[in-house]
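In what follows, a single structure is set out as structure tokens and then discussed.
The values are calculated or read from the model by the stated rules, or taken from the named source; none is laboratory data. Computed from a predicted structure; not experimentally measured. Glycine also receives a Cβ, built like all others from the backbone with ideal geometry; neighbour counts cover every protein chain displayed.
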Amino acid sequence: MNEKNQENFELVSWDNKYATGIELVDTQHKQLFDLTNELFEACHAKEFELLNKFEETLHQMVKYVKIHFEAEQKILKAINYPDLHEHIKQHDILIKDILAAVKDYKEDKKLVPNHFVRTLKDWIFGHIGFYDKQYSIYAQEQIKKGVLTKETLKEIQ
């Protein structure tokens, strides 16, 4: 996506307030922001372009979310995050939403792309802004207590 399109079609913008301090997770979150913006841009394409671009980007999103959730859950298990099960539940909700959007899209329901992108935006701001911040705080507390080191955290990734 070129710079001009990013300015015109950016729905979500990365800000360091979303950073977890875990390099892999932050890099993956930035990619989720980019994919969300690509989906948003696809919603504004001409109809024949929308079909191809939205479907292609949606498939990328499905694959990437799976990779990201697996990596994040591996880290949370390794640091013994006490709210791991709740966090996984939040991930499962997004996966169900994505699968429902794919199903609706394949059934040719008209408002799916725009509705789905806005759902994704809300999830990103809510989940990353709150739930991921919680495990970030927990990890930092474990480092301060000496239970976890920054080096160990990097090795987990």
At pLDDT below 95, surrounded by fewer than 13 Cβ atoms within 10 Å (Cβ to Cβ) and within 17 Å of the chain's Cα centre (by Cα): is that true of Lys109 in this structure? no
Return a yes/no flag: does the range 83-94 have any residue that is within 16 Å of Val12 (Cβ to Cβ), assigned to a helix (DSSP H, G or I) and not basic (Lys, Arg). yes
Looking at Thr57, Thr20, Thr36, which is the one that is touching an Asp or Glu at 6+ places or on another chain (Cβ under 8 Å) and at pLDDT below 90? Thr57
Selection from the range 35-70 of residues free of Cβ contacts under 8 Å to residues at least 40 places away in the same chain, among the acidic types (Asp, Glu) and surrounded by 17 or more Cβ atoms within 10 Å (Cβ to Cβ) yields Glu38
Within the range 9-24, the residues that are surrounded by fewer than 12 Cβ atoms within 10 Å (Cβ to Cβ) and touching a residue at least 24 places away in the same chain (Cβ under 8 Å) are Lys17
Quick check on Leu11: is it under 20 Å from Arg118 (Cα atoms) and out of contact with any helix residue (DSSP H, G or I) (no Cβ under 6 Å at 6 or more places or on another chain)? no
Return a yes/no flag: does the range 119-133 have any residue that is modelled with pLDDT of 80 or more and either assigned to a loop (DSSP other than H, G, I, E, B) or more than 28 Å from Phe40 (Cα to Cα) (or both). no
Selected residue [without any contact (Cβ under 8 Å) to a residue 24 or more places away in the chain, surrounded by 12 or more Cβ atoms within 10 Å (Cβ to Cβ) and within 24 Å of Asn80 (Cβ to Cβ)] from Ile143, Ile128: Ile143
Working carefully through the options Asp97, Asp83, find the one that is surrounded by fewer than 17 Cβ atoms within 10 Å (Cβ to Cβ), within 18 Å of Asp122 (Cβ to Cβ) and either of a type in the set (Lys, Arg) or touching a Phe, Trp or Tyr at 6+ places or on another chain (Cβ under 9 Å) (or both). Asp97
Failed condition for Leu51, given (1) part of a helix (DSSP H, G or I); (2) under 30 Å from Ile137 (Cβ atoms); (3) aliphatic (A, V, I, L, M); (4) at pLDDT below 90: (2)
